[in-house]
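Only the coordinates and a few stated rules stand behind these numbers; no lab work does. Given the structure is predicted, the values throughout are model-derived calculations rather than measurements. Cβ placement follows ideal geometry from the backbone for every residue including glycine, while neighbour counts extend to all protein chains displayed.
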Amino acid sequence: MGRTSDVRGAGLPDITGVMISYYFVCHTKLWLFAHNITLEREFDAVRQGKEIHENSYRREKKEIELPGMKLDFVRKGDVMEIHEVKKSKKMTQADRYQLLYYLYRLRGMGIEATGVLNYPLLKDTLEIIPEGGDFTEIAEIEEDIRRIIAGPYIEPRYRKICRKCAYFEFCFGGDEDEG
Ligand code: SF4
């Protein structure tokens, strides 16, 4: 994970699409990830995602890395189309903003693009076309993330999603009765 060198974010990581996604999932998760606290189950989930990607889109070029972005694959046409592969639709809002963030970063580099969320296990796709105000909102979210990760550790608050979270043991010591 790259580190910023500006004074405002000294020692803190660059904002990435994954952080945008975690912003919508859980701020504790966002804080832990931003501070390089990653757990084995997280890597399992990433590996699973990679397997789905590789098995479903064999013909596509794999993962393109740009600052703050890991694009699953790209299709060129009149307008560039960037694709993100997801296992399920459980986190659609987080996934949508992650992809919007990539489109926002690409626009900042002078590249216009549209996005597609791919759900190979569901045989479905969702097109993401930025609408008026989306990028302003993304810029505000980016600022809010900087504020959150520069602040102190955020105490976990138990919710249903915690049971499937890689940080469950870290947050609750494996106590299945929380909440
Ligand atoms: S276990 Fe729950 S509180 Fe802890 S990081 Fe995961 S989602 Fe957030």
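Please give the FRET efficiency for Ile111 paired with Ile37, using the beta carbon to beta carbon distance and R0 = 41 Å, rounded to the nearest 0.05. Intermediate results must be reported in sequence, preceding the final value.
On the way: r = 33 Å, r/R0 = 0.80.
In this case the efficiency is close to 0.80.
In the structure displayed, which of Lys62/Lys87; Lys123/Lys160; Lys70/Lys160 lie more than 25 Å apart, Cα to Cα? Let's see the in-between values first.
On the way: Lys62/Lys87 17 Å; Lys123/Lys160 27 Å; Lys70/Lys160 28 Å.
Pairs exceeding 25 Å: Lys123/Lys160; Lys70/Lys160.
What is the range 17-172's relative contact order, in percent, from Cα pairs under 8 angstrom and six or more apart in sequence? Each step should come with its number before you reach the end.
Values: 186 pairs, mean separation 42.0, N = 156.
RCO, the range 17-172: 27 percent.
Residues with amide H under 5 Å of Phe73's amide H, sequence separation 5 or more or different chain, H placed in the peptide plane at 1.01 Å from N; which?
For Phe73, whose amide H was placed from the backbone, the distant partners under 5 Å are His83.
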